[in-house]
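**Q** Have a look at this one before I ask anything.
The values are calculated or read from the model by the stated rules, or taken from the named source; none is laboratory data. The shown structure was predicted, so the numbers you read here are calculated from the model rather than taken from an experiment. Glycine gets a Cβ as well: all are built from the backbone with ideal geometry, and neighbour counts include every protein chain shown. We work out accessible area using only protein heavy atoms, side chains counted, and drop any ligands, DNA or RNA first. Shrake-Rupley method; radii C 1.70, N 1.55, O 1.52, S 1.80 Å.
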Amino acid sequence: MTQLRIAVLNAAQQDENTTRNFRRELDASIAEFDISSGEVPANFEFDAAVVTGSRTSVYWDEAWMQATKEWVADAIDRDIPFLGVCWGHQLLADVLGGTVEDMGAYEVGYSEIGRLESDSRLFDGISEDFLAFTSHSDEVSELPPGGTPLAENHYSNHGFRKDRVFGVQFHPEYDLKTARELVHRKDLSDERRQSVLEEITEVNYRQACEAKLVFENFLEFAREMNEGSVSAEASSDASASLGCSD
């Protein structure tokens, strides 16, 4: 089977952990773009796209961010499936007309998250209540028009879908190294830093691995969308050759 062609829009300001994590989790042919340096794809020849986390806020006035939003909006208009993670989740919500705001708190560490849609395609195979690593102080406070909430906890929305676009606020891609390094660089009190570091254990990581299914589920969805498009094009070509066009 031909591998999917995935555009990974990396907003992590050259954090090598991000590249490693997404390349490990996405079983696809990946083209990575450092969007925080102003690099966006030159075309839309991809089967799907993924937007990573970032140390920025989507409402900042940054030239690279505007260029990214324009490419993403055009790609969505072309029916390219999207998955956004953390900042990417917020960016997709913003592009689709949702609202992203500072939530007045900082959620960090392994958090309990609850599913809202029992038959959600993105969360297929994931428990109704699951554990995932989180790190964010902004939230999608209002979903895009027509968006469906998929997951949440007492902090914020943690997942939504609109048509072929999906977003998750948590970090299913994080490994132990990434989590520990993030906590060490954050401006936390000594007490809170130690408390969060004590959560970053092999046991919690293994339990949170269930959330990684969102990648597999998204790729399967993208594959089906791509195969459907190819079938539709083939059917259209066959109809034309038989004189069946309108």
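**Q** For the subset of region 120-134 comprising residues that are of a type in the set (S, T, N, Q) and over 15 Å from the mean Cα position of the chain (by Cα), which member is most open to solvent (accessible area, probe 1.4 Å)?
**A** Ser127
**Q** Scan region 72-91 residue by residue and report those that are touching a Ser or Thr at 6+ places or on another chain (Cβ under 9 Å) and hydrophobic (A, V, I, L, M, F, W, C).
**A** Val85, Cys86, Trp87, Leu91
**Q** Restricting the search to region 199-239, which residues are over 30 Å from Arg121 (Cα atoms) and either open to solvent by 60 Å² or more (accessible area, probe 1.4 Å) or modelled with pLDDT of 95 or more (or both)?
**A** The answer is Asp237, and nothing else.
**Q** Determine whether Arg55 is basic (Lys, Arg) and closer than 24 Å to Asp187 by Cβ.
**A** yes
**Q** Checking Glu16 against (1) modelled with pLDDT of 95 or more; (2) more than 21 Å from Gln90 (Cα to Cα), which test does it fail?
**A** Answer for Glu16: the failing condition is (1).
**Q** In region 1-46, how many are touching a Gly at 6+ places or on another chain (Cβ under 8 Å) and small (Gly, Ala, Ser)?
**A** Looking only at that region, the number is 2.
**Q** If you scan region 11-45, which residues turn out to be within 16 Å of Tyr174 (Cβ to Cβ) and among the small types (Gly, Ala, Ser)?
**A** Hits for region 11-45 are Ala11, Ala12.
**Q** Continuing with this model, one more query. Take region 86-124 and flag every residue that is within 15 Å of Pro144 (Cα to Cα) and either at pLDDT below 95 or of a type outside the set (Gly, Ala, Ser) (or both).
**A** If the condition is that a residue be within 15 Å of Pro144 (Cα to Cα) and either at pLDDT below 95 or of a type outside the set (Gly, Ala, Ser) (or both), then His89, Gln90, Leu91, Leu92, Asp94, Val95, Leu96, Thr99, Val100, Glu101 are the ones that fit.
**Q** Among the candidates Glu181, Glu139, which residue alone is under 15 Å from Val100 (Cβ atoms) and over 13 Å from the mean Cα position of the chain (by Cα)?
**A** Glu139
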